[in-house]
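> Below you will find the structure I want to go over with you.
The values are calculated or read from the model by the stated rules, or taken from the named source; none is laboratory data. This is a predicted model, so every value here is computed, not measured. Quick reminder, even Gly has a Cβ in these numbers, built from the backbone with ideal geometry, and neighbours come from all protein chains shown. Side chains included, ligands, DNA and RNA excluded: accessible areas come from the protein's heavy atoms. Shrake-Rupley method; radii C 1.70, N 1.55, O 1.52, S 1.80 Å.
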Amino acid sequence: MSEIAAKAAFDHIRYAQLWEDADVLVSAIGPRPGGRLVSICSAGDNALAMLLCDPAEVIAADLSPAQLACLKLRLAAFPLLSHAELTELLGAARSTRRGALLDRVLADCDAETAAFWAALRPEVIAHGAGGVGKFERYFRLFHRRLLPFVHSRRTVAAVFEQRSQEERARFLNDRWNNWRWRWLLKAFFSRRAMGALGRDPAFFDQVKGSVSDHVARRIEHAFVANDPVANPYLRYVLTGTHGPVLPLAWRPEHHATIAERVGRIRLHLGPLEQAATEGVDGWNLSDIFEYMSPAGFRAAYGSILAASNPGARLVYWNMMAPRAMPPEYTPRARPRPDIAAPLAARDQAFFYSAFHVDEVLS
């Protein structure tokens, strides 16, 4: 992570909610009662989801104080708010009282966090605390301003009707994948547009090939291989709402457990590989290896292995830059495709092309 620190900006909220599938992540790490887990913080939702593994500690690390502020808000909100109130504050449910909910939560935050979110109050009221990041604004521009020129509301709504896999394939080919959609993919999901409006341009330094072509290939995974009805990430991209299925940490059945365990989370401002030097039983590495040169990746991977207990699992995604366990670490770790492959097949966060689970050996 330290390699990207000199290239990208970390002074604003880039992701106000998580864009990796926490169901896949938690299944890959497995139960870890009494263990220690380390997670990329981002908006904090997946660090919260990892509490469902029952660890003694989750260390949430990030280079960005703004991203840590997202988790600080959630750490105050979960024990204080009911599930219905929490979903209103985050933007997963409509609300006429979001400002009042925000004020209640900020009264329980430290002064720095309260001041940070007070400055965002109008945007939180309009879109929820989960809708104020650069990436969420990027998708809001997409579904509000551009998608209507390609598909009607009726066609967008039809994506989320129950169909068999064969029927979903016909819908994609015959009704959705017209020339206007293909043009929009190339224009809006290009490297230049995504770098300027969504992710940081430096995040593509290690990427080769067309970003828009990659997204086009992954659309079939989201539309056909998996059922869009159960995909909160696709629905948010196309409509701005999650629909009936929320991301893991936001679901009502997990609210009480997460609220009771928020004290187990510790925040670390700085590179993830420096968050813990020993005793780690599981890692949520998101797609951070994509932002590193091959040499930087190998060095970071080695540092992570050195801090891991036997049996620890390293969980990470690739979008376009291929990163897998460096062969020189074969005596110390092994890939677990038997775990990763079935989880990748049902991964709802459709942007990613590969999902890796590596396990530390004795």
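> Determine which member of the set R144, R121, R154 is without any contact (Cβ under 8 Å) to a residue 60 or more places away in the chain and farther than 20 Å from T96 by Cβ.
On inspection, the qualifying residue turns out to be R154.
> Pairs under 7 Å by beta carbon, first residue without any contact (Cβ under 8 Å) to a residue 24 or more places away in the chain in segment 242-255, partner surrounded by 18 or more Cβ atoms within 10 Å (Cβ to Cβ) and assigned to a helix (DSSP H, G or I), six or more apart or different chains?
V245/P232
> Taking only pairs six or more apart or across chains, which ones have beta-carbon atoms under 6 Å, a first residue in segment 59-85 that is among the aromatic types (F, W, Y), and a second residue that is part of a helix (DSSP H, G or I)?
Correct list of pairs: F78/I258; F78/A259; F78/V262.
> So, one more: Which condition breaks for W19 when tested against (1) in contact (Cβ under 8 Å) with a residue 40 or more places away in the chain; (2) in contact with a helix residue (DSSP H, G or I) (Cβ under 6 Å, 6 or more places away or on another chain); (3) closer than 30 Å to A222 by Cα; (4) open to solvent by 10 Å² or more (accessible area, probe 1.4 Å)?
(2)
> Continuing with the same structure: Being touching a residue at least 24 places away in the same chain (Cβ under 8 Å) and over 21 Å from P326 (Cβ atoms) narrows it down to one residue among V280, V262; which is it?
V262
> Which count do you get for residues in segment 158-193 that are in contact (Cβ under 8 Å) with a residue 40 or more places away in the chain and part of a helix (DSSP H, G or I)?
Going through segment 158-193 one residue at a time, the tally reaches 7.
> Going through segment 56-110 one residue at a time, which ones are under 18 Å from R121 (Cα atoms) and among the charged types (D, E, K, R)?
Of everything in segment 56-110, those that are under 18 Å from R121 (Cα atoms) and among the charged types (D, E, K, R) turn out to be K72, R74, E85, E88, R94, R97, R98, D103, R104, D108, D110.
> If I ask for residues that are more than 20 Å from R14 (Cα to Cα) and open to solvent by less than 40 Å² (accessible area, probe 1.4 Å), which ones from segment 103-121 would you list?
Listed by number, the residues that qualify are V105, L106, C109.
> Being touching a residue at least 60 places away in the same chain (Cβ under 8 Å), open to solvent by less than 20 Å² (accessible area, probe 1.4 Å) and part of a loop (DSSP other than H, G, I, E, B), is that true of even one residue in segment 289-306?
yes
> Just give me the residues in segment 15-34 being under 17 Å from L272 (Cβ atoms), touching a Gly at 6+ places or on another chain (Cβ under 7 Å) and not aromatic (F, W, Y), in sequence order.
I29, the sole residue that qualifies.
> Then there is this: Identify all residues within segment 36-58 that are more than 19 Å from A92 (Cβ to Cβ) and surrounded by fewer than 22 Cβ atoms within 10 Å (Cβ to Cβ); write none if there are none.
Correct list: C53, D54, A56, E57.
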